[in-house]
Structure formats: structure tokens, C-alpha cells
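Here is the structure we will look at, set down as C-alpha cells.
The values are calculated or read from the model by the stated rules, or taken from the named source; none is laboratory data. A quick note: this is a predicted structure, and the numbers were derived from the prediction, not measured. In this analysis, Cβ positions are derived from the backbone assuming ideal geometry, glycine residues included, and neighbour counts consider all displayed protein chains. Protein only, heavy atoms only, side chains kept; ligands, DNA and RNA dropped before computing areas. Shrake-Rupley method; radii C 1.70, N 1.55, O 1.52, S 1.80 Å.
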Amino acid sequence: MKRVICLTVMNRPGVLNRITNLFSKRNFNIESISVGLSEHEGMSRITCVVHVEDDRASEQITKQLNKQIDVIKVTDITDQSIVARELALIKVQAVPYTRNEIYSLIEPFRASVIDVSKDSMTIQITGESDKVEAFIDLIKPYGIKELARTGTTAFPRGTQRSSQQQKSYSIV
Amino acid sequence: MLQEAALTETKTETESVTGADLLLRALEKENVEVIFGYPGGAVLPIYDKLYDSKILHVLPRHEQGGIHAAEGYARISGKPGVVIATSGPGATNIVTGLADAMMDSLPLIVFTGQVATGVIGSDAFQEADILGITTPITKYNYQIRSIEDIPRVVKEAFYIASTGRPGPVLIDVPKDIASLAAEPPEEQEVNLPGYQPTLKPNYLQIRKLTEAVSRAKKPVILAGAGVLHARASEELKEYAEQQQIPVIHTLLGLGGFPANHPLFIGMAGMHGCYAANMGLTECDLLINIGARFDDRLTGNLNHFAPNATVAHIDIDPAEIGKNVPTTIPIVADAKEALEQLIQQDGKPPAHKEWIETIQQWQKEFPYFYDKETTGLKPQKVMEMLHSKTGGEAIVVTDVGQHQMWAAQYYRFNKADRWVTSGGLGTMGFGFPASIGAQLADPDACVLAVCGDGGFQMSTQELAVIKELNLPVKIVILNNMALGMVRQWQEIFYESRFSHSKIPVQPSFVKLAEAYGIEGYVIQSEEEAEAILDDVLHSREPVLLDFRVDPDENVYPMIAPGKGLHEMVGVKP
Ligand SMILES: Cc1ncc(C[n+]2csc(CCOP(=O)(O)OP(=O)(O)O)c2C)c(N)n1
Ligand SMILES: [Mg+2]
């Protein structure tokens, strides 16, 4: 199963290496990782999407991450109500007679065209990974020349629905 | 006026210090008594300052020996062992020791030299990315980027290494940082917001465990090295006696509970005793205190403690539930948890039958070996060493059959008398580790129990015990083989002894003599009897080459993949 884990880390040299190292050392399967500054000075925020077999494995990941000296906070937000976004840049082949067709796909996905050349156009799309995935599938037949995805970044919504309970681990 | 100005100027000048000065001052502040180090280009600025330092510096003859010595020192003294190695090859030579210390939770502070800041990343002479190499095998590592950081980094390193679950911390020191002069920096605070080990147990869980004990019919305590790291053996004894709970040890935990205590069952695991392994299999309440349910201890997890409610006290939350599902998790220092459990003074369990069952197992299935055939049995050697040292020696082992025989037959009644490489199983560990153990406890009788194979991985350290006149007693259980490998090949590979017999050996006695150390070949019990009293009580180093039965195997044994109850070789 897929888990979304948010980390707040000290912004120190080598910290990203420590995190990725931990994933490979512990044999955790990582789908994406995105890093950037956070609202606190000197701290960064990392969002990881990982694949695990069961709850025990995801508990292990959280605990092992927590053990890292540079990690301030770890939360597995999968079961919370969250906002999660990914950005993708797609350079797709576009000859004059397909161009309009492509535009018609872009609109419902609220993607946007950010660069156009003679035989290609570059589309930017943001949204949850599933949406990005679906859009890429639709565009694929036209011939994707280049694709770059940022990986998911996420945090919990301001208001949590009360029915959704926080994951409770054996250790709190 | 002018004169005064000139005076103050020279004063500030003499007050300026180098990075190396700051480093040594920081070590003095931490009351470091001994450094295990090996010089080289990148650490020359530090070595120049060491020339005038009061701290004892021990020069191993290989960096790996140095770091293992530091591990032995840490295990016995309870203080971090301090190591210095130069950049590049010096640094890579300590990698095995770091991995070993990480696995067995030993506090180390390891300084490595690094090429000058300006050339890092250019494949400069003797440059190695030691941070990258050691990140997975250190609790934390630093590279010093600015001279002002030195005092804080060293302070943090000692704090990280020795608190929580102990472990090795590496500090990489570029050469220019060590030689640069600067004003003595202002005191910087320790800045580790992400590191706050939990020491105090959760009261609710303590209550839960107390109630579970009262209800239990078949309780056992499994005590690991966490008890030793927390210096909690007194509390363990008090708690076990108060609640009358029998105690089982892991390999690394030996000595945490007295072997001559009526509640002691024995060591569990791959070569543990029958009663301990059956105790774990049949118990209904398993209280793990400071052990990490390593696979060599649990055997096949599907058969491990199938009927037990598991309680686990560990200072490292990540160990709880890692291998064995746990009902009562207690994140705490073992000492604090035990103190609280004792305070609860719960109703002891009604478990007379259980105690009788265990005693029956102990009586029926003790460790055994063939006492009829002629030839010197390694088990007999360990028994003799035990009786001749009154069970009071510090026993340091290498890895292999001899290690298991030492664990089985040297019955420890006291804590911190046992040093062995458990998690990593590092051959070459034992002899150098004994050097550190002896330095930590100069008056103790230290036995370095080694195999003929493993001793040859660290032979060069004979120079150190000679130089420092450390009265280490080197005990080689010489079976002319990589015995543990030979045993597995005999059992699992149809006796196809692929590269495990080593009949071509040096004369270990002559080797010792070459270093100015006395040595003896001992081929029989009589010879051992004649000589042991003398040599074990001498204050000189000595090497004893025991020619033991080359075909002897370690039993009982649990084959890989089998459960604890599937021991073989439990009876003659
Ligand atoms: C560095 C290292 N290499 C290889 C091994 C695998 N190994 C485990 S025990 C053993 C044999 C050890 O032989 P010896 O030192 O003579 O001890 P014995 O088993 O004969 O008592 C070997 C090769 C190891 N544990 N460590
Ligand atoms: Mg051998």
C-alpha cells in the first residue's frame, strides 16, 4: 500500500542523503520524494511517497525516520484529509492539425501551455498524482518528447473531518 | 599607554589557538583518558598537539585494531571510546569497527582527517568520502566546516554517542581546519532539536505490565545488553527476585544477571541452552528488557514465543515491534523502567509448576560434551579458565566456535565482564578489543579468547600489549580450522570442507616471542593444570596456544530457518 509521509528536517548538509540512505538501508520502496524550504527558517520539508506491505512496515519507516538526529518531526498523513499536489512538465509533439485536439484535453484538466515551438508544445499540469497520471495517459498517443514530474508534496487540510481518525500506533 | 597597547596585542596573539588545540581542549573537557589513534598527513596538525597532551595515546598497528580496542574500552568503562585515523585509507580502515559498534550499540567518538576544505571533491591525495561511506553505520556524523564549530560539535558528539541508544559518532576534520589559527570561539550551545531520547517509561504501560505479570502462569524475562548499557543489573536482580521471574540472557546480555542465581535459566538463541530456548517457546508472558529480537536469538519468527504476550522495554522505539509484534511497549531506559516496576510491587505470579518445568529442563538437558575421549576439549578449557579465575575475569572473544563455548561455559556472575562482537560477528575483533578492556580496568584479569583463524586477523596488535605491558592473556582455542565454517560445512554441506581447514599455521608461541611475549603450547588437561595458575595470575602478557580437538562442534544448535524448539544436539 501507498503511504504519504511528511518530514520536517534540519536544513543541514547531507540531510537528504541521510534520508534516502535510510530508505535503501532498510529496504523501503520509495516512489517519490520532494524537498524544499519550510515555513521555519533553517528547516526543510520533505514529502515521501512510499510503498509498504503492511501497517507494521509503515510504522517501522516512521520510527526509523524519527530516529534520525536531523529529523524534527515525522507524520504519516495518508489516512488524514490532505491536500497533495504534484507538478508535471510535458513536452508533447504538436503538429498544426493535432494542436487543437491537444488544447481540448488541456482545458478540462486545468493544465496550461507554457511553451510552444514549431512542432511541439510544453504543458504544465498540477494536481494529485492520479490526475497527472490520467492526463499523461491521454497525451501519450500524440508522442511525448520529454516528461518531468516533481513527485508529490502534501500536508493535512486545515480542518480534519471527524470521522477520519489519526492512525494510532503502538507507540505514541 | 603605548606600552600597554603593545602588551594587549601580544596577549591576544598568544591566545589565538588552532583547530587542533580546540579539539584537544574539547576532549579534555569530556575527561577523555585514552585515544586510540594512528597518524597520517591529514591529522598531522592534531598529532603535533598530541605531542604535548596529557591524554594517553595508544598506537595500534592497524586502524581496525584501534577502533576495536576503543569498542572494548567503551564496553567495559561505559565511556565513549575515542579514535583518530587519518584521511583516505586510515578512515576506510575503521569502517568495520564503526559497523560493529553501530550493531552492538557501543559509544565511540571517531575523528578522521580529511583533505583541506578547498580540495574536497577533487579526488585529492588520500581523499575519501567518509561521510558518505559511514552514514549508514554511524549514529551520526559531522564534517567540521568552520573552526568555531569544533567545541560544539565535539560536545554534541559525546552527547549523541553516549545517551539514548549508544552508538558511534564520526567527526571528519579537514586538515586546514585543524591547522588554522583563530580566536577562541564563544561557547556555543548544543543544538539538537531532533534528538530527545525518551528515558522515562509511560506509567500506563508499566501498570499494564505489572498486571500481566500478576496474571501470568509462565513468565520469563529476556535480558539483553540494554540492561548493561543502562547499568541496571542490580535493578534487574531486584525485580526478578521480587516477582520471582526466571531470567534468560541474549549473547550480548551475559553478566546482566548472575549465572549462579537460582532464577537464571541461561543463554538463548542459536547455540543457547535447551531450557532457555524452551522457556521462550513455552512462556505465556515474555518481558524483553533491552534486547532487539535478533534473528540469531529468535530463530524462525513464525515459531517464536507463539503463546506469549510480549512486553518490550527498549530505549529505541524503532526496536519495539520491529521483528516481534508487541502488546506492551515501553520506551524507556532499562534502569528507569525497572525502578518503576519494582515500585509497583505487584502481586507475583502463581507459577510454581512453571519454575519446576524449567528446573526439570535444566537438569535433563544441560550443556554437555564428550568427556571420555582423549584430547583436549575446548569446552574443558573454558571450564578450567572459569574455575582458575574464580569467574571474575573479563572475557573478550573473537567470533566463531570458541566464542560460543566461552558464552556457554564461562558463567558470568557480574556485569561488564564480557565483551564480544554479536550483531556484526566480526572476526579480528577479540584480541584488539581486549586491549581496550584491559586499559579500562587495569587490575582485571583479561582473557582474549580467540580462534586460530581470527587471531591471525589482528596478530599485529601483539606489539601494543608488549609496548604498554598490558597483562592480557591470549587464549587461542586452536582447532586448525575456521571451526564455525567447518561445522556448518559438516552439517549442511555434506562435510565438503571448502577452504575452512587451515593446517598451515605459524608457531603462535614463536610469534609471541618475536614480540617479546611469553607463549605456551598446551596439548592436554594435565599441561593446562600445570601452568594455568601461574600464568593467569602473572602481570605480564602471555599467549596460550591450546591445541583442542579439531572435530568438536558447538551444540545445541538451531539450524537456520528453524524455530527455537527445533534444537539439535541437546543430549549426548
Ligand atoms: C571478518 C569475518 N570474516 C568471515 C567471517 C565468517 N566466519 C565466522 S566464524 C569463522 C571461523 C572462525 O575461525 P576461528 O577464528 O579459527 O574460530 P573457530 O570457529 O575455529 O573457533 C568465519 C570464517 C566472520 N565472521 N568475520
Ligand atoms: Mg579455529
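Kindly provide the set of residues from the stretch B:462-487 that are open to solvent by 60 Å² or more (accessible area, probe 1.4 Å), assigned to a helix (DSSP H, G or I) and within 16 Å of ligand 1 (Cβ to nearest atom), ordered by number. Once the filter is applied, which keeps residues that are open to solvent by 60 Å² or more (accessible area, probe 1.4 Å), assigned to a helix (DSSP H, G or I) and within 16 Å of ligand 1 (Cβ to nearest atom), the stretch B:462-487 yields only B:V485. All but one of (1) at pLDDT 95 or above; (2) open to solvent by 10 Å² or more (accessible area, probe 1.4 Å); (3) closer than 22 Å to B:Y520 by Cβ hold for B:A440; state the number of the condition that does not hold. Every listed condition holds for B:A440 apart from (3). Looking at this structure, is B:I491 in contact (Cβ under 8 Å) with a residue 40 or more places away in the chain, part of a strand (DSSP E or B) and in the same structural domain as B:A444 (by TED's automatic domain parsing)? Taking the combined requirement at face value, the residue does not satisfy it.
Every listed requirement among (1) open to solvent by 40 Å² or more (accessible area, probe 1.4 Å); (2) part of a loop (DSSP other than H, G, I, E, B); (3) away from chain A (no Cβ under 14 Å) is met by B:P325 save one, (3).
Confirm whether B:P174 is in contact (Cβ under 8 Å) with a residue 12 or more places away in the chain, farther than 24 Å from A:S44 by Cα, within 14 Å of chain A (Cβ to nearest Cβ) and over 29 Å from the mean Cα position of the chain (by Cα). Spelling it out, B:P174 is indeed in contact (Cβ under 8 Å) with a residue 12 or more places away in the chain, farther than 24 Å from A:S44 by Cα, within 14 Å of chain A (Cβ to nearest Cβ) and over 29 Å from the mean Cα position of the chain (by Cα).
Residues are listed down the side, and each one gets a yes or a no for (1) among the β-branched types (V, I, T); (2) outside the structural domain of B:L228 (by TED's automatic domain parsing); (3) open to solvent by 10 Å² or more (accessible area, probe 1.4 Å); (4) farther than 30 Å from B:E392 by Cβ:
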site	(1), (2), (3), (4)
B:V82	yes, yes, no, no
B:G113	no, yes, no, yes
B:Q126	no, yes, yes, yes
B:I133	yes, yes, yes, yes
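Which count do you get for residues in the stretch B:89-104 that are farther than 15 Å from B:M427 by Cα and open to solvent by less than 10 Å² (accessible area, probe 1.4 Å)?
Here the count works out to 2.
Sub-8 Å Cβ pairs linking a first residue in the stretch B:57-80 that is in a helix (DSSP H, G or I) to a second residue that is of a type in the set (K, R), at least 6 apart or interchain, are B:Y73/B:K79, ordered by first then second residue.
Scan the stretch B:421-460 for residues that are within 16 Å of ligand 2 (Cβ to nearest atom) and at negative phi and report the count. Total satisfying the criteria: 18. With the requirement that a residue be closer than 30 Å to B:L251 by Cα, in a helix (DSSP H, G or I) and either within 14 Å of another protein chain (Cβ to nearest Cβ) or in contact with a Pro (Cβ under 6 Å, 6 or more places away or on another chain) (or both), what does the stretch B:89-144 give you? Scanning the stretch B:89-144 gives B:L98, B:A99, B:A101, B:M102, B:M103, B:I133, B:T134, B:T135, B:P136, B:I137. Within the stretch B:316-334, the set of residues being of a type in the set (A, V, I, L, M, F, W, C) and touching a strand residue (DSSP E or B) at 6+ places or on another chain (Cβ under 7 Å) comprises B:I320, B:V324, B:I328, B:I330, B:V331, B:A332, B:A334. Answer yes if at least one residue in the stretch B:530-548 is in a loop (DSSP other than H, G, I, E, B), closer than 19 Å to B:T397 by Cα and modelled with pLDDT of 95 or more, and no otherwise. Looking through the stretch B:530-548, at least one residue is in a loop (DSSP other than H, G, I, E, B), closer than 19 Å to B:T397 by Cα and modelled with pLDDT of 95 or more. Applying the condition of being out of contact with any Leu (no Cβ under 9 Å at 6 or more places or on another chain) and aromatic (F, W, Y) to the stretch B:253-293 and asking which residue is least open to solvent (accessible area, probe 1.4 Å) yields B:F264. When the criteria are applied in full, B:L424 meets the requirement of being within 11 Å of ligand 1 (Cβ to nearest atom) and surrounded by fewer than 24 Cβ atoms within 10 Å (Cβ to Cβ).
Annotation: of all residues in the stretch B:192-238 being away from chain A (no Cβ under 14 Å), in a loop (DSSP other than H, G, I, E, B) and aliphatic (A, V, I, L, M), the one that is farthest from B:R165 (Cα to Cα) is B:A216. When the stretch B:151-205 is examined, which residues are found to be in contact with a strand residue (DSSP E or B) (Cβ under 7 Å, 6 or more places away or on another chain), open to solvent by less than 10 Å² (accessible area, probe 1.4 Å) and under 25 Å from B:A225 (Cα atoms)? Answer for the stretch B:151-205, where residues must be in contact with a strand residue (DSSP E or B) (Cβ under 7 Å, 6 or more places away or on another chain), open to solvent by less than 10 Å² (accessible area, probe 1.4 Å) and under 25 Å from B:A225 (Cα atoms): B:A157, B:I160, B:A161, B:P168, B:V169, B:L170. Being closer than 29 Å to A:V35 by Cα and touching a residue at least 60 places away in the same chain (Cβ under 8 Å) is a property that A:T153 has.
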